[in-house]
Every structure is written in C-alpha cells, then in structure tokens.
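Inspection log for the structure reproduced underneath, given as structure tokens.
The values are calculated or read from the model by the stated rules, or taken from the named source; none is laboratory data. Quick caveat: nothing in here was measured; it's all calculated off a predicted structure. Cβ sites come from the backbone with ideal geometry, for glycine too, and all protein chains shown count toward neighbours. Please note that ligands, DNA and RNA were not included when accessible areas were found on the heavy atoms of the full protein model with its side chains. Shrake-Rupley method; radii C 1.70, N 1.55, O 1.52, S 1.80 Å.
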Amino acid sequence: MTDLVNILDGNTFLVCDRNGDIEPQEGNPTGLFSYDMRFLSLWRLSVNGERCFTLSLDEVEYFEHRFFLVVGHATHYVNATLSVIRHRSIADKVTEELSILNHTDREVELNVRMDVASDFADIFEVKDPSPTSDSVIVEARDGVLRIRYERERYGTETVISSTECALVDEEGMTFSVRLAPHGEWSTTLSIETLAIGAHGRDFRESIPLRRPGSPEDLRRGLRDWVAAAPTLGTDCDALSTTYRRSLVDLAALRWTSLIVSSDLVAAGLPWFMSVFGRDSLITCLQAVPFLPQLAPPTIATLAHLQGVRFDDFRDEEPGKILHELRHGKSAGFEAQPHSPYFGSADSSALFVILLDEYELWSGDSELVKAFEFEARAALEWISSYGDLLNTGYIWYKTRNPATGLENQCWKDSWDSISFGDGRLPPYPRATCELQGYAYDAKMRGARLARNFWNDPGYAERLEREAQELKRRFNEDFWISDEEYFAVALDAEGQQVDTLTSNMGHLLWSGIVDDSRATRVVELLMSRRLFSGWGVRTLATGSARYNPLGYHVGTVWPFDNSLIAWGLWRYGFRDEAARICEAMIQAAQFFEGRLPEAFAGYDRTRTTYPVEYPTACSPQAWSAGAPLLFLRVMLGLQPHGDHLIVEPFIPPSIDRIELLGIPGR
C-alpha cells in the first residue's frame, strides 16, 4: 500500500492513488470510508479524456492534502500546457477544490469529467472480496448526484455537489470549461456521507456521519492537542520528529463511537478504524504520561459494552471486555460477529491494568470507584470463564468456528502459535503473556480494592491468587532444558516450545522470578530475536520463522515498547535503552511514523528496516510506542503525588528534556 495516499479524520478516511483518484484495486482498500462502509468506490478525474499525473503531493495535515498535477504526460521536448491542483480536506464533509490553470497564450475549451461510483461495500467485503447481489440507487438531478443503499431498515447515502454548474448523470459530473489565456478555473466538490434513518417503510431522516467543524477548526484543535502534551527538547532530530508524528497520528486516529460521543482511539488505518479492546487499552497505557485524556472515555466505553451473557456467535461471556466493535452492514446483518465481538483473551486483564495505571498518574479516584463493578467483573472473568480447563490459567478457544478468531491473544493470525518444529498445537491454548497480564491485573486489582473499594479481604484474596499463579507459572511454562519460557501450553499441558518475543511481556507484567530474568533478557537481546532494529516476534531457527511473516518473524514497535518497559522494570536499563534507540532510528526511515510492523531481517543485511507490505500506518499502538520509549529512557514512574525520574539515555542521544508532564 506504499503507492496509496491516506487522508483521514477519525471516523472518516479516504485512500486514493498518488494522482488523487480512487479506483478499485484488488487487495487494497481504496475508497472513501466511514464507520466501516465505503461511500465512494470510484472518483476519477479526466480533462478532455486524458488522465492527470502527479508532479508533487503535499500532506498539509492528516486531514488535508494538495495534489499538483499535469494533464497528460509532459516530456523533455513538450511542455505541459495545463496544470491541475486538487486541494482535498476532510472536515464536516469531504471537499475537493479543483483548479485548472491554462499556461498558454490562447483560449482553450475543456471537458472536465469526474467519474463517480459507490458500491457501499463493507470493510470486510473489501478485505476479502466475494460476489454480492447488493445494488445501489442513483439519482442525478438539480446538479446533485445521490447514491443510496437500502436494506430493510438500514440505509446509507453519498451526496455529491459542486459550486460550479455541471452536467450530472448517473456515472458522474461533467464541466464545460472555457479558459482564457493564462486563465484559471475552479470549483469545489462536496461529498457528504449520510446514514438514513427508517420511519415505517420509508427512508427519510438523514444523519451526517461527520462532526460539525471546518478545516480551520481541525487545525486549531490539532494545535491545542499538541500544545497540551509535554514539550520535548532534545538534540536528537529523529526523536523529535517521531514524537511529534506520534502526537499527530494519535490525534488523527481519534474516533467517535455512534454509542458514546467521547473521542476514543481507533486501532489503525485502513482495516481497523474502530475501537478495539486490546489495541485501545495498550495505546492508552503507552500514552498515559503524555495524553491521559485518552484513558477515561476508553475505559467508560469498554465498561459500557462489557459482556453480560453467553453468546457463542460473539464469543461473549459475563465480565469479558470486547475485542472489536464494527458498524458496517456485515456486523449489522450478522454476517460477522463484530457488534461487538469478544474474541480476545487479554482485554479483560488489560482493562484492570489501565484503570490502575491511569489512577497512579492522575489521582482520579472517582473513575476507579465509578467502574468498580466492571473491574471486579473483569477480574472474575479471569478466574472463571477465562479458565476453560480449571487449571488457574487463561485459555482460549472460539465457540464460533465459522467466523470467530482462532488465536485470541495479540498474535491473532492463524499460524502465530506453533511448536519449534512448526506443528500447530490443538485448542484450547494458554499463551504465556496472558498469564502475565492476569498476574498484573490481580496485583493491581488488589491495590484498587484496598485503597478505593474498601474491601481489604478481596485485596488479600487477589494477592494470594496472584502469588500462586506466579509460582505455578514459573514451574509449568519454564522449559528447563532450553531455559526459557514456552510461548504457550496446549490442551494436554504440553509446553509449546517456540522462542518468541512474548517473554518480554512477561517481564513487563512482573510474573518472571528474579532468578530467571537474566536468562530471559539474554535471549531477548540475542541475535535469534534481536534484529538490530528491534525484537522479532519469532526467533530465527524456528520452523515457521519468516522475516516477512505477520507474527512469525516481523518486528512490531508496540511489542518492543512493552519489552523495553519490562526490561526497565527488572533493572536492565542498558538493554531497554538499546531497544528504544533502535526503534527511534528505524522511525527515521518511515518519516517518523513507526508502522504496525516491519520485516525482521538482521540489521547487518540492510542499512534500513524493510517495509512489511500490508502494515497499517498510522496504527494506534505503534504511534503510542515512541511515547513509551520516552518514558522508559527517562525512567518515569509515579509514586503518590511525586514523579520518580531515573534516566538511562542511549549513547546516540545527549539530551532529553520533557516539560509539562500532566498528572498529580
């Protein structure tokens, strides 16, 4: 997707080619999308029947781009006579200011055409195309093009208009333009995305799927967002660029639910522009010292949508925190279970962890008290329904084999959990990091129970359970011959013996016995796992290792941020700084924006990190990773009303100054 251009603002995003056109591309999410639906599948400009080609592309802001083009192909011997500027923005609606300039000394007549179509495909249909019988209704009258989709009581509509007179037909708009010598013509095209409410059998009430506000409102809001974050001063340009890029990307990914009005964090462009339990919780954890305002609406929304019943289709259980929420027609008509879907075994523990971490930084005891019931329910899920085999561990196995997720840990692709020889273990599975999260959640839940819920007995129980879990875990998951932690246990209690990055999450959670921490760190920083750019998801030498495999050899920035945090927790500050330094250096090759993942090739083989072909960018927990790297390098830790600072800076950075850290 590197040849595609993204422009977004929260709920709405547009993916086009470098000329600014939208055309169907197999396997790529080209189009204008809002709430998991594609509102434009074709948006193609031509002048006198010729296509336009880009000279330059200017990303003004994440919600505003300019494309500078010429008509036809200019050569060394033939000068371009017409140039085109497309100024596109996403605010309360999508607008494109189209300008055409005549560079000759004679008058010209032009036929300017915009081909337009919408298939109203669901994001799942775009990702995995399949034949569909869906049809749309097209109306062209009074200079306005309306494209509508209706099914039962579900309706959506795209409305396109122009400030200049156009001949509108069912396939687009045509402008007849006469340009004076060295003259200019322009029009502004507006695209509105609407949901249509049903009243009886008629579709009548249109609901805009955009927040009110102009591009200037968005620019002002972005300035305020960046200004509210701590101010970074450093001699490292790469760190400075990456820090600002992260703040801007997290602003771009702010997403407003149709259920809750507050800003949440969407997981990533293009496939995951919605709230996710695991992704949103981890992003908030990374960002708490910098953007604490992200945490309360995330906690509140996930609490509001917490599981309350048994539903095999959605993998829902009482107390369980959701995995993913979608609004498209596939969820609405239950072709997919994402309304919401609960197929993650870690989000419930992470919910409690974020609630505690947010209070440590903010002192917001009222939030902790407000969500006591939901936190207790999440902790109860860990000890009851999450323990499928009644062994004291969290296990997972989908109850929806048709459309449920097979792997319900963060490495959720089908082949991510395997034995060293490549065999896939049977279900249910208990991956190691799930147990670490459970341990951490119980310890943090005990603190909340003792200090805020006035229940010391419950606190003591949680602490006993956590210590017993830690003791058994260090016995059952430790592979004594190889001296490292198994990535999982299978249903028979057999150790799944692959060497993976998951061990770093164990350090972050604190479940590793001190006597084994040094060995874990040695392996994490060995050449089998550490590529020089970061820790790989799977060690070289494993049967399924692939440096371009999604979870079987790539390097994930978010994964490395939790590993660095874990190294810091156990006192391995030099190793933590090495990971932070490598990641910041890698970010330079992505213009400061760390992608979802990049290839796991050894740094000795390449002078730059190799792109993963379908990585989400921006992605929330990759945008949050540099914030956590900063926290680790500075050794920031809240303690009551005080902030502990224990810096350990990598040798390539001489100075880091962070001013205006929010908190108590």
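At a probe radius of 1.4 Å, what is the per-residue accessible area of K411, in Å² to the nearest 10?
Counting only protein heavy atoms, the figure is 0 Å².
Can you count the Lys pairs in the chain whose Cα atoms are under 29 Å apart, with each pair 8 or more apart or on different chains?
22
Compare the Cα positions of F33, P340, M633 along the charge dipole of the chain (+1 at Cβ of Lys, Arg; -1 at Cβ of Asp, Glu; about the Cα centre) and return the one farthest towards the positive end.
Most positive-ward Cα: M633.
What does the extension gain come out to for L4 and R141, with contour length at 0.36 nm per residue minus their alpha carbon separation?
Numbers: separation 137, 0.36 × 137 = 49.32 nm, distance 3.27 nm.
Using 0.36 nm per residue and subtracting the Cα-Cα distance, I get 46.1 nm.
Where does segment 108-176 land on Rg/Rh, using Cα atoms and the Kirkwood Rh? Before the final figure, lay out each step's value.
On the way: Rg = 14.7 Å, Rh = 13.7 Å.
Over the Cα atoms of segment 108-176, Rg/Rh equals 1.07.
With every protein chain present, what accessible area does F371 have (1.4 Å probe, heavy atoms only), rounded to the nearest 10 Å²?
Near enough 30 Å² of accessible area.
Under a 1.4 angstrom probe, counting protein chains only, how are F342, F590 ranked by accessible area, largest first? Provide the component values of the computation, followed by the final result.
Values: F342 5, F590 30 Å².
Order by accessible area, largest first: F590, F342.
Translational D (Stokes-Einstein, µm²/s) of segment 557-664 at 20 °C and 1.002 mPa s when Rh comes from the Kirkwood sum over C-alpha pairs?
On the way: Rh = 14.8 Å.
The diffusion coefficient I find is 145 µm²/s.
Please express the shape of segment 468-578 as an equivalent ellipsoid: the semi-axes are the square roots of 5 times the eigenvalues of the C-alpha gyration tensor, given largest first in whole angstrom. List each step's numbers first, then the result.
On the way: eigenvalues 83, 68, 25 Å².
Equivalent ellipsoid of segment 468-578: 20, 18, 11 Å, largest first.
In debye, nearest 20: dipole of the chain around its Cα centre with unit charges on the Cβ of K, R (+) and D, E (-)?
Values: 64 positive and 96 negative charges, 130 e Å.
I would put it at about 620 debye.
Project the alpha carbons of segment 390-504 onto their principal axes and report the range along each, largest first, in whole Å.
Here the spans come out as 49, 39, 24 Å, largest first.
Among K127, K470, what's the order by accessible area (1.4 angstrom probe), most exposed first? Intermediate results must be reported in sequence, preceding the final value.
Details: K127 90, K470 40 Å².
Sorted descending by solvent-accessible area, the residues read K127, K470.
Quick one: divide the alpha-carbon radius of gyration of the chain by 2.2 N^0.38 Å and tell me what you get. Before the final figure, lay out each step's value.
Values: Rg = 26.2 Å, N = 664, 2.2 N^0.38 = 26.0 Å.
Compactness ratio reported: 1.01.
Based on the mean of other beta carbon atoms within 10 Å per residue, what is the order of 649-661, 326-338, most packed first?
Numbers: 649-661: 13.8, 326-338: 20.8.
So the peptides 649-661, 326-338, ranked by packing, come out 326-338, 649-661.
Which semi-axis lengths, in whole Å and largest first, follow from the square roots of five times the eigenvalues of the Cα gyration tensor of segment 401-468? Can you show the working numbers first?
Values: eigenvalues 236, 34, 16 Å².
Working through the eigenvalues yields semi-axes of 34, 13, 9 Å.
Hey, if you put +1 on the Cβ of every Lys and Arg and -1 on every Asp and Glu Cβ in segment 45-202, which of S99, V71, F120 ends up farthest toward the positive end of that dipole?
Projecting each Cα onto the dipole axis, the largest value belongs to V71.
Given the -39500 (n - 2.57) contribution per DSSP H run of 4+ residues, what per-residue ellipticity at 222 nm results for the chain, rounded to the nearest 500 deg cm²/dmol? Write out the running numbers ahead of the final one.
Numbers: 16 runs with 197 residues, N = 664.
Computed ellipticity for the chain at 222 nm equals -9500 deg cm²/dmol.
If the only charges are +1 at each Lys and Arg Cβ and -1 at each Asp and Glu Cβ, what is the size of the charge dipole of segment 257-378 around the Cα centre, to the nearest 20 debye?
On the way: 8 positive and 17 negative charges, 57 e Å.
Its charge dipole is roughly 280 debye.
Using 7 Å Cα-to-Cβ label points, what is the F310/H73 separation (nm, one decimal)?
Between F310 and H73, the label points sit 6.6 nm apart.
Cα centroids of segment 218-283 and segment 176-194: how far apart, whole angstrom?
34 Å
Could you tell me how far the Cα centroid of segment 608-632 sits from the Cα centroid of segment 467-501, in Å?
29 Å
As a test of reading the structure, rank F68, F589 by solvent-accessible area (1.4 Å probe, protein chains only), most first. Don't skip to the answer; put the middle values down first.
Numbers: F68 70, F589 105 Å².
Final ranking, largest accessible area leading: F589, F68.
Could you give the spread of the C-alpha atoms of segment 331-378 along their three principal axes, from largest to smallest, in whole angstroms?
That gives 43, 18, 18 Å along the principal axes, largest extent first.
Find the all-direction average of the projected area of the Cα convex hull for segment 1-149, expressing the result in square nanometres with one decimal place.
Details: hull surface 43.4 nm².
Average projection, Cα convex hull of segment 1-149: 10.8 nm².
Would you tell me the accessible area of F272, worked out with a 1.4 angstrom probe on the heavy atoms of the protein chains, in Å² to the nearest 10?
The value for F272 is about 40 Å².
For the chain, what does the relative contact order come out to in percent, with C-alpha contacts under 8 Å and a separation of six or more? Walk me through the numbers on the way to the answer.
Details: 1500 pairs, mean separation 73.2, N = 664.
11 percent.
Which FRET efficiency value, to the nearest 0.05, do you get for Q25 and D654 by plugging their Cβ-Cβ distance into 1/(1 + (r/R0)^6) with R0 = 45 Å?
Working: r = 46 Å, r/R0 = 1.01.
After rounding to 0.05, the efficiency reads 0.50.
Please work out the Cα center distance from segment 307-325 to segment 411-427, rounded to the nearest Å.
Result: 24 Å between the Cα centres.
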